Amino acid sequence: MGFFKSIFGTSKNPKPISNDNESDILSSIFRLVSHPDTQTRVSASSTAGLLLSPNEDIFSKTTETFVSKFIDQHEENSLIQGRCFKDDHGTQWIIMNHPDFRNLIGIINELSKSISSEGLGSQMIAAVFKGDYNGENSYWICNYRTSKFYPFIPNGKNTRNYELEMELSSHFTQNGIPVEPPTNWYPLWNAPF
């Protein structure tokens, strides 16, 4: 079993992704950066990614082509940049950039729907958004298996800032963002963005 499958789990009969539900879940993260109580402490980057489980099917071999076509067909294609990265565990990352965070969320959502429409929804592990919380790099991870977010704030090599993660998690909750229980807050060490 792959590293990320062992962390995030998998299901022999994964529940189908509801496009409306997924869109609502991913869009909820925008509240974090737009709410007056958190605007001074939280900022979003222009980069986000999709994390796909290791697989040897044809899609994993043509992901770059798929992403390139996706960007070309998008109405804002001149503002979108994308790249693919396979980590040491064989996990595929699709990294997207857009200067507007709200549009970036929409792009990640559309890309998720496109991958799901290819029959590959069960391969999507998480959507990962990068930001800053109280001056620290932070990742806002949406676990696709549960449709809930959790924070990850790395603090040096293979250590994390649990205190800030708990604080940020409370901001998620205050803004109506569904939150994973802390026992399911798996780190994403060496994220490629």
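Within region 47-67, can you find the residues that are modelled with pLDDT of 85 or more and open to solvent by 50 Å² or more (accessible area, probe 1.4 Å)? Within region 47-67, 64, 65 meet the criteria. Of the residues making up region 68-96, just one is within 23 Å of residue 54 (Cβ to Cβ), open to solvent by less than 20 Å² (accessible area, probe 1.4 Å) and in a loop (DSSP other than H, G, I, E, B), namely 91. As a summary of the residue check, residue 99 satisfies the conditions (1) in contact (Cβ under 8 Å) with a residue 60 or more places away in the chain; (2) surrounded by fewer than 17 Cβ atoms within 10 Å (Cβ to Cβ); (3) not polar (S, T, N, Q) except for the one numbered (1). Of all residues in region 149-193, those satisfying the criterion of being more than 21 Å from residue 50 (Cβ to Cβ), open to solvent by less than 40 Å² (accessible area, probe 1.4 Å), at pLDDT 95 or above and not aliphatic (A, V, I, L, M) are 160, 161, 165, 169.
Among the residues of region 137-184 satisfying the criterion of being aromatic (Phe, Trp, Tyr) and not in a helix (DSSP H, G or I), which is farthest from residue 121 (Cα to Cα)? Of everything passing the filter in region 137-184, 152 is farthest from residue 121 (Cα to Cα). Checking region 121-142 against the condition returns a match, with at least one residue being in contact with an Asp or Glu (Cβ under 7 Å, 6 or more places away or on another chain), among the hydroxyl-bearing types (Ser, Thr, Tyr) and either modelled with pLDDT of 95 or more or open to solvent by 70 Å² or more (accessible area, probe 1.4 Å) (or both).
The values are calculated or read from the model by the stated rules, or taken from the named source; none is laboratory data. As the structure is a prediction and not an experimental result, all values here were calculated from the model. When we count neighbours, we look across all protein chains shown, and the Cβ atoms used for this are built from the backbone with ideal geometry, even at glycine. For the accessible areas, the whole protein counts, side chains as well, though only heavy atoms, and no ligand, DNA or RNA atoms are used. Shrake-Rupley method; radii C 1.70, N 1.55, O 1.52, S 1.80 Å.
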